[in-house]
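**Q** Here it is, the structure in full.
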Amino acid sequence: MIWRVFRFFLFQLAGALVGYFALTLAQAEHRVIVGILVASMAWVLIDLRRGQKLRSWLREGDTSRPPVIPGYWGEMADRVRRLVRIRDRKLIESEQRLQEFLSAIQASPNGVVLLDAEGRIEWCNQTAADHFGFDPQRDLMQQVSNLVRDPQFAAYQAKGDYAHDVVIPGPASSNSRPVRLSVHLHPYGEGRSLMMSRDVTALEQAETMRRDFVANVSHEIRTPLTVLGGFVETMQNLPMDGPERQRYLALMSQQAQRMQTLVNDLLTLSRLEGSPLPRLDEWVDVRALMDTCAQEGRELSMLMTQVGHDITVQIDTDCRIAGSQMELHSAMANLVNNAIRYTPNGGTVTMQWVRHADGSGEFSVTDDGPGIAPEHLPRLTERFYRVDRSRSRETGGTGLGLAIVKHVVQRHGAQLLITSKPGQGARFAITFPASRVQRVGAHASRRDAQAVTA
Ligand code: ADP
């Protein structure tokens with residue numbers, strides 16, 4: 001500023017000198033005064049012109065191309081340009097941060113909707129759009145209550161108590177494919193709220209399954225327990241002779257055995273769910289396994305009936321299966337036992353092993369029993385699902401056998417195929433992938449070994 005004042009006076013001095021020497025007025029002081037006045041006017045005009053340049057540059061708003069102005073106004077232009085540049089950089093940075101923030105919310109597995117004080121949608125992520133069927137662009141600034149029309153949600157919003165969530169059906173929900181959404185409003189700022197949504201369909205299904213499971217287990221245990229309790233009471237209250245007493249004890253033992261079998265099956269299921277997957281380097285001999293199951297089947301058959309069943313084992317290629325001996329035995333034995341239990345006296349049960357051309361192997365059990373109606377087939381592997389409840393009970397079934405088979409099959413990367421027609425017997429087949437099947441005697445080639453460890 002001092003420099004500017006100094007320059008102004010220098011300009012006046014130059015004006016005075018020019019006036020003194022160049023003007024032709026008689027008196028010297030007049031020449032000096034006129035010189036100073038002209039210099040002052042020139043200074044003001046030049047200054048105005050430069051200020052004007054700066055003003056039009058600022059008015060244009062294009063701060064990227066600053067005008068070339070010397071002196072004081074040039075410095076002003078420079079400072080303005082620098083300030084604008086700093087502000088622009090900050091703006092870009094905060095824009096970037098906002099975009100990163102929005103991308104993070106986009107990536108969230110939960111739906112997020114930002115609502116303004118009037119309950120209008122300011123922004124929503126794709127998950128929320130999928131959950132509620134919003135269009136993330138078209139539905140912006142729409143009232144959320146006009147788009148989410150579930151009465152439970154309307155009541156929740158109206159009540160204003162947002163300590164808990166509300167669970168509503170999704171717009172795509174149907175009887176065959178129910179969709180359940182948990183919606184939670186979180187107020188923030190001045191009247192705004194954050195609406196979070198979560199797909200809880202699987203969670204609710206799991207919870208229903210858990211409840212059903214507990215109810216089923218309780219029911220299954222209560223029945224023999226009630227019978228057992230009744231026998232104990234009878235024995236306590238009635239005088240009994242030896243043979244009668246023995247008969248009662250035998251019946252009690254039968255009920256205790258039933259509970260024991262149920263608990264064993266439950267433990268097997270829970271072990272299958274909780275243990276690590278079967279190893280790929282433990283080999284189980286198919287022939288030995290099938291012979292054991294056939295032998296156990298014959299014993300069961302003799303116990304059940306005097307006539308027994310005709311149980312045969314057919315093996316086309318001796319093989320080994322990579323997996324758990326205990327689990328594979330459990331699955332095969334369950335299938336053989338079912339075939340015997342559901343096939344009348346004298347029926348035939350065929351156990352078969354076939355190695356396919358692609359290297360996979362199929363174990364199957366075929367019987368000529370009553371068969372199963374098609375509507376039951378998809379549900380057979382559900383826990384406690386039985387086609388004929390009384391037949392299952394009579395023969396000591398728990399309703400868990402095929403659920404165990406399904407678990408074992410899945411854990412070995414295999415597939416279970418059930419084919420049956422009422423009156424024409426049933427066939428249960430487990431197909432093991434080539435990576436888990438090896439021919440006995442044939443040394444594992446390099447490729448086989450690699451496939452197994454893969
Ligand atoms: P359960 O202990 O009752 O046998 P499973 O899970 O082993 O339970 O079998 C489920 C149901 O499938 C059985 O109750 C029975 O109705 C039916 N089932 C299983 N195997 C056969 C079969 N070989 N023939 C006819 N029905 C069968």
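The values are calculated or read from the model by the stated rules, or taken from the named source; none is laboratory data. None of these values were measured; they are calculated from a predicted model. As a convention, Cβ positions derive from the backbone with ideal geometry for all residues, glycine included, and neighbour counts pool all protein chains shown. The protein model used for the area step is the full one, side chains on, heavy atoms only, and it has no ligands, DNA or RNA in it. Shrake-Rupley method; radii C 1.70, N 1.55, O 1.52, S 1.80 Å.
**Q** Of all residues in segment 352-392, count the ones that are on the phi > 0 side of the Ramachandran plot and near the ligand (Cβ under 7 Å from one of its atoms).
**A** Summing the residues that are on the phi > 0 side of the Ramachandran plot and near the ligand (Cβ under 7 Å from one of its atoms) in segment 352-392 gives 1.
This table checks each residue for (1) open to solvent by 30 Å² or more (accessible area, probe 1.4 Å); (2) within 24 Å of Phe213 (Cβ to Cβ).
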residue: Arg245; (1), (2): yes, no
residue: Leu289; (1), (2): no, no
residue: Glu296; (1), (2): yes, no
residue: Glu299; (1), (2): yes, no
residue: Asp318; (1), (2): yes, no
residue: Met326; (1), (2): yes, yes
residue: Met332; (1), (2): no, no
residue: Asn338; (1), (2): no, yes
residue: Gly347; (1), (2): no, no
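**Q** May I pose another question? Among the residues that make up segment 354-374, is at least one of them in a helix (DSSP H, G or I) and more than 28 Å from the chain's Cα centre (by Cα)?
**A** Within segment 354-374, one or more residues are in a helix (DSSP H, G or I) and more than 28 Å from the chain's Cα centre (by Cα).
**Q** Tell me which residues, restricted to segment 399-418, are in contact (Cβ under 8 Å) with a residue 40 or more places away in the chain and within 12 Å of the ligand (Cβ to nearest atom).
**A** If the condition is that a residue be in contact (Cβ under 8 Å) with a residue 40 or more places away in the chain and within 12 Å of the ligand (Cβ to nearest atom), then Gly399, Leu400, Gly401, Leu402, Ala403, Ile404, Val405, His407, Ile418 are the ones that fit.
**Q** Let me ask something else. Could you count how many residues in segment 17-45 are in a helix (DSSP H, G or I), of a type outside the set (Val, Ile, Thr) and either open to solvent by 50 Å² or more (accessible area, probe 1.4 Å) or under 28 Å from Glu75 (Cα atoms) (or both)?
**A** Selection size over segment 17-45: 13.
**Q** Is there a residue in segment 290-311 that is in a loop (DSSP other than H, G, I, E, B), within 30 Å of Gly441 (Cα to Cα) and away from the ligand (no atom under 16 Å from the Cβ)? Before you say what the answer is, go through the steps one by one.
**A** Going through segment 290-311, the residues in a loop (DSSP other than H, G, I, E, B) turn out to be 305-309.
Subsequent filtering for residues that are within 30 Å of Gly441 (Cα to Cα) retains none.
No - not one qualifying residue is present in segment 290-311.
**Q** Only helices (runs of 4 or more DSSP H) wholly contained in segment 78-192 count here; list those with 1 or more residues that are touching a Lys or Arg at 6+ places or on another chain (Cβ under 9 Å). It would help to see each step written out before you state the result.
**A** Details: elements: 126-132, 144-147, 151-159.
Of the helices (runs of 4 or more DSSP H) lying wholly inside segment 78-192, those with at least 1 residues that are touching a Lys or Arg at 6+ places or on another chain (Cβ under 9 Å) span 126-132, 144-147.
**Q** Which residue is surrounded by the most Cβ atoms within 10 Å (Cβ to Cβ), if the candidates are limited to segment 421-441 and must be within 14 Å of the ligand (Cβ to nearest atom) and over 33 Å from the mean Cα position of the chain (by Cα)?
**A** Of everything passing the filter in segment 421-441, Ala426 is surrounded by the most Cβ atoms within 10 Å (Cβ to Cβ).
**Q** Separate question: Of (1) assigned to a helix (DSSP H, G or I); (2) modelled with pLDDT under 90, Pro239 satisfies all except one. Which?
**A** (1)
**Q** Please go through segment 330-349 and pick out each residue that is outside any loop (DSSP other than H, G, I, E, B) and within 10 Å of the ligand (Cβ to nearest atom).
**A** Result: Asn334, Leu335, Val336, Asn337, Asn338, Ala339, Ile340, Arg341, Tyr342, Val349.
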